Amino acid sequence: MANRIVIDPITRIEGHLRIEAALDGNHTITAAYSSGTMVRGIENILKKRDPREAWAFAQRICGVCTTVHAIASIRAVEDALGINIPKAANLIRNMIIAQQYIHDHVMHFYILHALDFVDVVSALRADPKKTSDIQQSISGWSNSSPAYFAEVQKKVKAIVESGQLSLFSNGYWGHPAYKLPPEINLLGVAHYLECLDWQSQVTKIHTIFGGKNPHPNFVVGGVPLPIDMNSDQALNAEKLAVIADSIRRMNDFIDQVYLPDLLAVAPYYLEYAAVGEGLGNFLAWGEFPEGQLNEIEKLVFPRGVIINRDLKKVIVPDPRDASRMKEFVTHSWYKYGQGDGTGLFPWEGETVFNYTGPKPPYEYLNVEGKYSWLKSPRWNELPMEVGPLARVLILYATGHKETVALVEAVLEKLKAPVSAVFSTLGRTAARAIETKVIGGLLQKFYEQLVAEIKAGHTDTFNDEKWEPRTWPKRALGFGYTEAPRGALGHWVVIENKKIKNYQVVVPSTWNASPRDHKNQPGAYEASLVGTKLANPEQPLEILRTIHSFDPCLACAVHLIDASGKKVGEAATGFNLVVR
Amino acid sequence: MKEKTIYEHLREKGVSRRDFLKLCGTIAGMMGLEFVAPVKAPGKSLSPSPEEIVAQALKTRPKVPIIWLEFQDCAGCSEAISRSSSPLLSNLVLNDIAIEYHETLMAASGFQAERAKEECLKKYYGKYVLVVEGSPTLAEDGIYCTVAGKSNLDLLKEAASGAAAVIATGNCACFGGIPAAHPNPTRAVGVADLIQDKPVINIPGCPAIPEVTTGTILHFLIMGQLPKTDQLKRPLPFYGNTVHDHCLRRPFYEAGKFAGSFDDEGAKKGYCLYQLGCKGPTTYNACAGLKWERGLSYPVQSGHPCLGCSEPHFWDGGGFYQGQSAPTIRLDKGSTATLVGAGVAVGAGLAGVNALKKSRAKKELKKQQASEARAETENKKEG
């Protein structure tokens, strides 16, 4: 029997993820199984509530990618009720989304992902002078003196020598798969610590417009904070200055720390440009509307599907197409009325808990049967990868100039072929490339907002449909966003002023899904096959690939309508565009 | 070997004595320790200042190990605490309070992570602080949340048994939060519903204000005991007043000036959001005092009514956009058929209204406590 290893908990992610992997005699993964081990049932909790309040409930699906579920939710309700929001409100929302990406991606790279590549203990052997030389050669970042790095080293040394390693205890330090020289390890540790402080100071856009972070406040029809340059309470010049400064801090860190670090570390791990891809199918719902919600041709990040790595053909998926967008539960702890082999379109979805797994405490899951609280969403019956790599590939394939230039510059720097993007390293690089693009967009949205205010267009809220008496008896809505981790869709059914059904298909459900009705693995599961482990007791290689997706599990596990009523009015056809 | 004190750790890291004393002042402020002017009474020495209490504690107490468990959570409270405002404080949390287990932050995964926890539970038995984020779930023996193949209930019991104190952070860990919102599909409860043989303190909020969580941990670190609490186990330094009590829009409430809609003239001038459904008057939390992100803002300041997120079962409290005792028809739509709202709007009987509000708040609290007590009894029956 093949050797099976279990990693549970996968740490440095949001939520509760378990990976079981079967190994052959050479410690190479032959099959992998991804399981979400927590469920709350938020969609069921949302039923019968006021749709204007749904964003607050939905937002609590995840506190790491905060805002994204709130955005998808208000868009779903606005779509259902036919609400257009003022331009200034849309720009403010775009800024909120952009800040979320930047904060989240940088935080992921340093706090959640870096320790897979940076050996903290090795940093103690570094020569701070050499680290300083490296820093000064890669960017103009001011924290670059030998004394600065010596100070960081001293701090780490004190932690290691105290014996209380705290968050660093029991890491895989000294593992042969750590390849960086001590000097770059020290650089990485220094920036890990700098990132902790940096990230606590760049959520100001959320705090100004939403009152706090995580979980800022939103409102259906616009944004809560009014604009009035002559008020001390509304958005005024003082608050705009705080925002401008915050944007500058973000872009400085991206340009002078994040991107240079990625390019300094990547050459030591080029083997990860050849492993860890998996599916080759990619999906994005699109983001940054510059027009109204459903003017998808005005999305800065296009909506698209790429099948089997074919960058010549970008299909535009229709989220309202019931024949293509389906969720399966063959290997998930739910049951469907029409049998567990069928797939259901989210507006027509049904979910009943059906735990068939072992009684805890348990050692292994029964992966032949049901083994996860995640469902298996499929587009056209195919598993899809979502996230930064999907978005960057779609931008690249559709000729987005800045993205094309950045992708080519990174590939040239690493002397890697285009095929290298379909990999663990490609995913991590795509996240950085996208962050750079978004940093520029954020500055642009800010300038556009200022221009709107100057032109006297200061409305931030459309109250035409605020009162439930103005609503139709029944309405269906689809709300999308591209969360940092990938395509997010909320499907809502409103009936008699209340939520009749509410369903969420989140990025990590796509990526971390278990096998489906055709036994096709999800993206995580596919990405691990073929990876060789140096030491199965310390499966660092698995963490690298899984973390490259930036898992977020609280999002991924959800629950829909227990009664599972058909809602109809769904299919609007399949929309194929070759660009 | 004698464990090093926090002061010794800080000195080794190059923190000067002067900076150390400044830090003590900051911490004393964070803890809500009130400064009592020293009075020289005959035959008695001066009572120590808050800074001196903190300094003395940091000089004599070793690091407190923290075990941070996540159950039905969204990691929002972890994210929040990572943004705790003072850099020196973050330094303290990361380096001097030893976080020994925290799934979202720690380097180790899988059995190495679990082993680190087991070692810590053994080594620091009776000394560590257990922080819980997210609700425990009772249904079907805890299968709705497992880690490392163990049910969340077993994990909680195991970690609580050797804890010196238990801190529930966020509304979910305190009161069941959103998983416990109707119809509570997984039978989520608060930690204090399950752990009754240990001191448990609740830091509710959605998420909890980071400085309140760190401030409470520091209070324990320095005073060796948890701060005084209200009946809902919330620490008085942070939950002694309502959001309304300290709200910067409060003067407009007193003057009867209200926003009638988002983005109307009143909203632009920063008028009170009471009629838009603000729950500030019945919500005990430090939002309006401490604020978020170094005092930058809080929800009401940013134009949105308070959701009441530090109160039990606020998700089922009857509508975020419904004023608690406000008219069901909004004033801006031409109706004057109001109860409290009309009285306030004409500026009459303000003191009376406030008294009314307070008695309502008290009633609300009593109601909540009663329902808490009921839930507790039910749980005991079930347990």
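Quick check on this structure: which one of A:Asp463, A:Asp516 is touching a residue at least 24 places away in the same chain (Cβ under 8 Å), among the charged types (D, E, K, R) and more than 28 Å from A:Glu368 (Cβ to Cβ)? Result of the check over A:Asp463, A:Asp516: A:Asp463. With respect to the conditions (1) farther than 22 Å from B:Thr104 by Cβ; (2) in a helix (DSSP H, G or I), A:Ile102 falls short on a single one, namely (1). In the range A:229-271, which residue that is part of a loop (DSSP other than H, G, I, E, B) and at pLDDT 95 or above is surrounded by the most Cβ atoms within 10 Å (Cβ to Cβ)? Top of the filtered list is A:Ala234.
Across the range B:287-309, not a single residue is classified as assigned to a loop (DSSP other than H, G, I, E, B), at pLDDT below 95, away from chain A (no Cβ under 12 Å) and crowded, with 18+ Cβ neighbours inside 10 Å. Across the range A:499-527, which residue is farthest from the chain's Cα centre (by Cα) among those that are more than 14 Å from every other protein chain (Cβ to nearest Cβ) and aliphatic (A, V, I, L, M)? Of everything passing the filter in the range A:499-527, A:Ala526 is farthest from the chain's Cα centre (by Cα).
Please find, within the range B:129-151, the residue that is modelled with the lowest pLDDT out of those that are under 18 Å from B:Glu118 (Cβ atoms) and more than 8 Å from chain A (Cβ to nearest Cβ).
Step by step, filter the range B:129-151, then rank; the result is B:Val129.
The residues listed here are A:Asn213, A:Asn230; of these, the one that is of a type in the set (S, T, N, Q) and facing chain B (nearest Cβ under 8 Å) is A:Asn213. Within the set A:Thr435, A:Thr460, the sole residue that is buried (at least 17 other Cβ atoms within 10 Å of the Cβ), within 31 Å of the chain's Cα centre (by Cα), β-branched (Val, Ile, Thr) and within 19 Å of A:Ser246 (Cα to Cα) turns out to be A:Thr435. Can you tell me which residue within the range A:357-377, out of those that are more than 13 Å from A:Thr37 (Cα to Cα) and surrounded by fewer than 24 Cβ atoms within 10 Å (Cβ to Cβ), is farthest from the other protein chains (Cβ to nearest Cβ)? Top of the filtered list is A:Glu368. Determine whether the range B:247-261 contains at least one residue that is at the interface with chain A (Cβ under 8 Å from one of its Cβ atoms), within 20 Å of A:Asp228 (Cα to Cα) and either touching an Asp or Glu at 6+ places or on another chain (Cβ under 8 Å) or surrounded by fewer than 18 Cβ atoms within 10 Å (Cβ to Cβ) (or both). The answer is yes; a qualifying residue exists. When restricted to residues that are β-branched (Val, Ile, Thr) and in a helix (DSSP H, G or I), the range B:223-275 contains 1. Checked against the criterion of being in contact (Cβ under 8 Å) with a residue 40 or more places away in the chain, more than 9 Å from every other protein chain (Cβ to nearest Cβ) and more than 20 Å from B:Thr104 (Cβ to Cβ), the range A:33-42 has at least one qualifying residue.
Of all the listed residues (A:Lys155, A:Lys204, A:Lys130), the sole one being of a type in the set (Lys, Arg), at the interface with chain B (Cβ under 7 Å from one of its Cβ atoms) and touching an Asp or Glu at 6+ places or on another chain (Cβ under 8 Å) is A:Lys204. Inside the range B:305-324, residues that are closer than 22 Å to A:Arg60 by Cα and in contact with a Phe, Trp or Tyr (Cβ under 8 Å, 6 or more places away or on another chain) make up a count of 8. Give the residue, chosen from A:Ala405, A:Ala416, that is part of a helix (DSSP H, G or I) and of a type in the set (A, V, I, L, M). Going through A:Ala405, A:Ala416 in turn, just one is part of a helix (DSSP H, G or I) and of a type in the set (A, V, I, L, M): A:Ala405.
Within the set A:Glu53, A:Glu43, A:Glu20, the sole residue that is under 22 Å from A:Ala512 (Cα atoms), of a type in the set (Asp, Glu) and surrounded by fewer than 24 Cβ atoms within 10 Å (Cβ to Cβ) turns out to be A:Glu20. Scanning the range B:177-192 for residues that are buried (at least 24 other Cβ atoms within 10 Å of the Cβ), farther than 12 Å from B:Val132 by Cβ and more than 8 Å from chain A (Cβ to nearest Cβ) turns up just one, B:Ala180. Within the range A:290-319, residues that are charged (D, E, K, R) sit with their Cβ atoms under 7 Å from residues that are in a strand (DSSP E or B), at 6+ positions apart or across chains, in these pairs: A:Glu290/A:Val300; A:Glu295/A:Pro289; A:Lys298/A:Pro289; A:Arg303/A:Ala284. If you go through the range A:46-80 and keep only what is within 11 Å of chain B (Cβ to nearest Cβ), touching a His at 6+ places or on another chain (Cβ under 7 Å), assigned to a helix (DSSP H, G or I) and not polar (S, T, N, Q), you end up with just A:Ala58. Within the option set A:Arg579, A:Arg544, being farther than 22 Å from A:Lys326 by Cβ, modelled with pLDDT under 50 and either assigned by TED's automatic domain parsing to the domain that holds A:Thr330 or acidic (Asp, Glu) (or both) holds for one residue only, A:Arg579.
Could you list, in sequence order, all residues of the range A:116-143 that are in a helix (DSSP H, G or I) and over 16 Å from A:Ala266 (Cβ atoms)? Steps first, please.
Filtering the range A:116-143 down to residues in a helix (DSSP H, G or I) leaves A:116, A:122-125, A:128-138.
Selection gives A:Ser122, A:Ala123, A:Leu124, A:Arg125, A:Pro128, A:Lys129, A:Lys130, A:Thr131, A:Ser132, A:Asp133, A:Gln135, A:Gln136.
Apart from one condition, B:Gly205 fits all of (1) surrounded by fewer than 23 Cβ atoms within 10 Å (Cβ to Cβ); (2) within 14 Å of another protein chain (Cβ to nearest Cβ); the exception is (1).
When you scan the range A:83-104, do you find a residue that is aromatic (Phe, Trp, Tyr) and either more than 30 Å from A:Ile243 (Cβ to Cβ) or surrounded by fewer than 24 Cβ atoms within 10 Å (Cβ to Cβ) (or both), even just one? No, the conditions are met nowhere in the range A:83-104.
If the condition is being among the aromatic types (Phe, Trp, Tyr) and modelled with pLDDT under 95, then the range A:364-403 contributes A:Tyr364, A:Tyr371, A:Trp373. In the range B:88-110, the residue that is modelled with the highest pLDDT out of those that are more than 8 Å from chain A (Cβ to nearest Cβ) and either part of a loop (DSSP other than H, G, I, E, B) or within 30 Å of A:Ile5 (Cα to Cα) (or both) is B:Tyr101.
The values are calculated or read from the model by the stated rules, or taken from the named source; none is laboratory data. For clarity, every value in this text was computed on a predicted model and none was experimentally measured. Here Cβ is always computed from backbone atoms with ideal geometry, including for glycine, and neighbour counts include all displayed protein chains.
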